[in-house]
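Accompanying notes for the structure given below.
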Amino acid sequence: MGFRSIAALLTLYTCYTCSAAAQSLPPQVILLSRVKAHMRDQVARLPNCTCLETVTRFHKEPGTASKLKPLDTVRLEVVYTDGREWYGSPGARNLSEGNPATFIGAGMIANGIFGMTLHNLFAADVATFTFQGEEMIDGRPAVKYDFRLPRMQLQMEISIPEGRGTVGEEGSFWADPATFDILKLASRVTEIPPGLPLTATEYTVNYAHMRIDEFDALLAQQADLDMLLDSGIEDYDRFDFTHCRAFQSHSEIRFDAPDAEPASLAPAASRGGATPREVDVRLPALLQVAIRLTSVITDQDAVGKLVEGRIAADVRSRGKILIEDGALVHGRIRRLDRYPGEGYFAVGLEFTEVQTRDGPARFYADLLRLESRKGIQLVLHESVRLPNRQDGAVELKLPELPGVASFFVDGKSFVLPAGFQTVWRTRGPLRGVD
């Protein structure tokens with residue numbers, strides 16, 4: 001049975017705020033005000049940066065016997081700036097396209113998840129909030145608040161071949177009561193208009209700290225989007241954001257005829273886009289690279305902590321040394337979920353840049369193996385909880401992310417010592433759609 005393509009676009013627009021002062025506020029309201037103030041500051045201080053967005057897409061035809069099947073993997077560069085998101089192909093000089101659907105042709109895709117969601121909820125501040133108590137999120141204590149954004153205040157637009165319309169939104173977020181950071185956000189559409197044949201659309205976003213030059217930014221790290229139509233067709237997208245880096249403004253003066261250049265290739269400055277900081281060196285594919293940690297990693301570390309490694313042996317291509325033994329590799333802790341009561345931790349390390357003889361290069365590589373150590377096991381599959389079914393969780397095989405090593409560590413605590421080794425195989429330049 002072939003897939004039926006659905007061109008679907010979820011667009012989150014900026015909304016505006018009104019608030020009322022209150023006296024003798026209960027503790028949960030005071031905590032909410034601190035979370036909102038902290039997140040407004042985080043949104044306002046977001047550095048100019050771009051990330052690699054990997055979207056893994058699944059599709060399900062109508063019928064109880066039908067299952068979600070892999071559709072494709074889309075990779076884009078995404079940047080959030082001045083309340084908007086811009087997109088381009090991986091490694092593109094200019095990020096000037098406001099609609100990610102431009103790059104895919106068919107299938108579900110969304111914008112607004114990377115940065116605009118936080119802006120709408122906290123910077124625009126038209127949502128109403130209700131305290132729901134305390135919960136654990138990935139082994140961390142958190143406070144939960146429900147929120148609601150009416151359709152007339154937040155213009156979330158959903159467009160599918162069978163119709164389009166503006167909907168409302170409601171959901172929940174979980175925040176760290178000590179740092180006031182948002183850890184996770186879950187949302188679903190409401191007030192679906194009669195002309196839109198949509199049963200449900202829900203998405204979740206997980207947030208983490210990333211170091212961008214001298215900035216410590218709280219950014220979307222991973223998200224899930226699920227859409228179910230009245231016809232029974234279902235689409236699921238998994239978003240992962242990696243390889244975040246700074247970008248700079250770009251201006252260009254031209255004396256040739258503007259009509260000679262297609263609109264899609266217009267300079268970024270003329271279209272409101274952005275230019276990433278130059279990292280010109282591109283490694284060829286199929287090089288084997290061994291990295292030894294120079295940083296010690298323990299269960300007491302936080303997600304976002306910078307880590308470093310060193311190349312364990314010369315990396316050669318056609319007899320030429322491209323990366324020398326001992327060359328520096330930069331990365332961070334991408335994931336550290338704590339489940340000591342269950343006897344394990346889920347750990348993710350992300351390496352983003354390696355120093356070559358010709359300068360820094362983005363580290364696009366697949367993990368081949370980890371150093372053999374008792375209690376360490378690679379993550380091969382992930383259980384994804386989808387809202388539109390009774391059993392909830394399904395096992396989906398997600399593609400490896402470039403430069404990311406995911407594994408479990410058994411025990412109530414752990415230490416990855418300096419010298420711990422990982423072995424990788426480079427991908428070469430990334431394509432937009434696989």
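The values are calculated or read from the model by the stated rules, or taken from the named source; none is laboratory data. Source: prediction; values computed, not measured. Using ideal geometry, Cβ is built from the backbone for each residue, glycine included, and neighbour counts are taken over all protein chains shown.
One residue stands out among those in the range 209-233 that are closer than 30 Å to LYS305 by Cβ and not in a strand (DSSP E or B): the one that is modelled with the lowest pLDDT, which is ASP213. All of THR81, THR64, THR56, THR73 fail the test of being of a type outside the set (A, V, I, L, M, F, W, C), without any contact (Cβ under 8 Å) to a residue 24 or more places away in the chain and over 15 Å from HIS243 (Cα atoms), apart from THR64. Within the range 182-220, the only residue that satisfies the criterion of being acidic (Asp, Glu), under 26 Å from THR166 (Cα atoms) and surrounded by fewer than 17 Cβ atoms within 10 Å (Cβ to Cβ) is GLU191. Scanning the range 256-287 for residues that are part of a strand (DSSP E or B) and either assigned by TED's automatic domain parsing to the domain that holds ALA220 or modelled with pLDDT under 50 (or both) returns ALA274, THR275, PRO276. Of all residues in the range 162-198 being within 21 Å of the chain's Cα centre (by Cα) and basic (Lys, Arg), which is modelled with the highest pLDDT? Looking at residues that are within 21 Å of the chain's Cα centre (by Cα) and basic (Lys, Arg), I get LYS184.
Every listed requirement among (1) at pLDDT below 90; (2) more than 18 Å from the chain's Cα centre (by Cα); (3) part of a strand (DSSP E or B) is met by VAL384 save one, (2).
Note on the range 322-352: residues that are surrounded by fewer than 17 Cβ atoms within 10 Å (Cβ to Cβ) and modelled with pLDDT of 95 or more total 4.
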